[in-house]
Ligand SMILES: NC(=O)c1ccc[n+]([C@@H]2O[C@H](COP(=O)([O-])OP(=O)(O)OC[C@H]3O[C@@H](n4cnc5c(N)ncnc54)[C@H](OP(=O)(O)O)[C@@H]3O)[C@@H](O)[C@H]2O)c1
């Protein structure tokens, strides 16, 4: 298949591209800069030069492809405070790709996150692929993609856990937590730190995207989750050991001061199951889990 990948030069894209090429697909990656274009060419992909906001260009590239994987997200805008702008751009891009693929039966795999399940109040059990949230930031985009299944698109959603980890991860939540612990001289957790975060190795997540592209049932939500929930205190303790700093509890009221923008997430209990994804796609994670990957040490090389 010739696959258009947006965000192909990013953390997860840089594992998805080789995963697709190794399986015999051809890849066209969206690149907004010379550097990203060069990285994609070096990886063996074709390049479609353009920005996420160039909706006509996106439509054209999606029409020319046999399937689309959407990973691009305006993280820079989000980090500088324009979260709603990033959300709106994501939705516009999804609508443009959806319009290009309508009625074609082609696959469209897009991205969401497991944290939305906790924000939606699913806290008494592990969230599953069958849990549907009515609306909200990023949730609307997820639901729009799933809705394309009613319009002749073999659409599916991959929900990623907050920690997607590997040597390819340079600015995700893991490196951010490590950087905060380094700066503060303490690796924190909120309260007892009993809340859990799911995780997946980037290469295992990339395989979910490929399997979804190749065979997901239209309108399905998938969980690229390997560790269903690692207690935050264990994550903080492992970071503390590797940095040689203490691990300590942070009062809930001090979470934003200590963790900055991550303060909104660090106390969330986000247990997430991938039982159905494993059944539906025949997917099993084979790469190291979160604690083993942190223990490996690559995150702590300066
Ligand atoms: N990483 C995680 O732990 C995690 C967890 C949950 C959900 N997610 C979601 O997974 C998706 C991929 O995440 P990631 O970690 O791979 O992100 P990333 O490393 O920040 O990569 C973002 C990608 O989007 C591209 N991009 C950003 N703005 C663009 C624009 N205006 N026009 C065109 N391309 C643009 C970037 O291109 P450049 O190379 O040119 O910058 C890059 O290829 C995102 O939707 C993210 O929110 C990630």
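Inspect the range 114-126 for any residue being in a helix (DSSP H, G or I), closer than 20 Å to residue 213 by Cβ, out of contact with any strand residue (DSSP E or B) (no Cβ under 7 Å at 6 or more places or on another chain) and at pLDDT 95 or above and give the result as yes or no. Checking the range 114-126: not a single residue is in a helix (DSSP H, G or I), closer than 20 Å to residue 213 by Cβ, out of contact with any strand residue (DSSP E or B) (no Cβ under 7 Å at 6 or more places or on another chain) and at pLDDT 95 or above.
Looking at 17, 27, just one residue is in a strand (DSSP E or B) and without any contact (Cβ under 8 Å) to a residue 40 or more places away in the chain, and that residue is 27.
From 150, 192, which residue is more than 23 Å from residue 5 (Cβ to Cβ) and out of contact with any helix residue (DSSP H, G or I) (no Cβ under 8 Å at 6 or more places or on another chain)?
One residue alone meets the criteria, 150.
Does the range 110-127 contain any residue that is more than 19 Å from residue 29 (Cα to Cα), more than 8 Å from the ligand (Cβ to nearest atom) and touching a helix residue (DSSP H, G or I) at 6+ places or on another chain (Cβ under 7 Å)? Checked the range 110-127: at least one residue is more than 19 Å from residue 29 (Cα to Cα), more than 8 Å from the ligand (Cβ to nearest atom) and touching a helix residue (DSSP H, G or I) at 6+ places or on another chain (Cβ under 7 Å).
Might you let me know whether the range 147-155 holds any residue that is more than 21 Å from residue 287 (Cβ to Cβ), surrounded by 19 or more Cβ atoms within 10 Å (Cβ to Cβ), at pLDDT 95 or above and within 18 Å of the chain's Cα centre (by Cα)? For the range 147-155, residues more than 21 Å from residue 287 (Cβ to Cβ), surrounded by 19 or more Cβ atoms within 10 Å (Cβ to Cβ), at pLDDT 95 or above and within 18 Å of the chain's Cα centre (by Cα): present. Among residues that are within 13 Å of the ligand (Cβ to nearest atom) and assigned to a helix (DSSP H, G or I), residue 85 is included. Scanning the range 33-48 for residues that are crowded, with 16+ Cβ neighbours inside 10 Å and more than 21 Å from residue 209 (Cα to Cα) turns up just one, 37. Cβ-Cβ contacts under 6 Å between residues 6 or more apart (or on different chains), taken from a first residue in the range 56-80 that is modelled with pLDDT under 95 to a second residue that is surrounded by 14 or more Cβ atoms within 10 Å (Cβ to Cβ), are listed as 77/86; 78/86.
The values are calculated or read from the model by the stated rules, or taken from the named source; none is laboratory data. Since the model is a prediction, treat every value here as computed from it, not as a measurement. Using ideal geometry, Cβ is built from the backbone for each residue, glycine included, and neighbour counts are taken over all protein chains shown.
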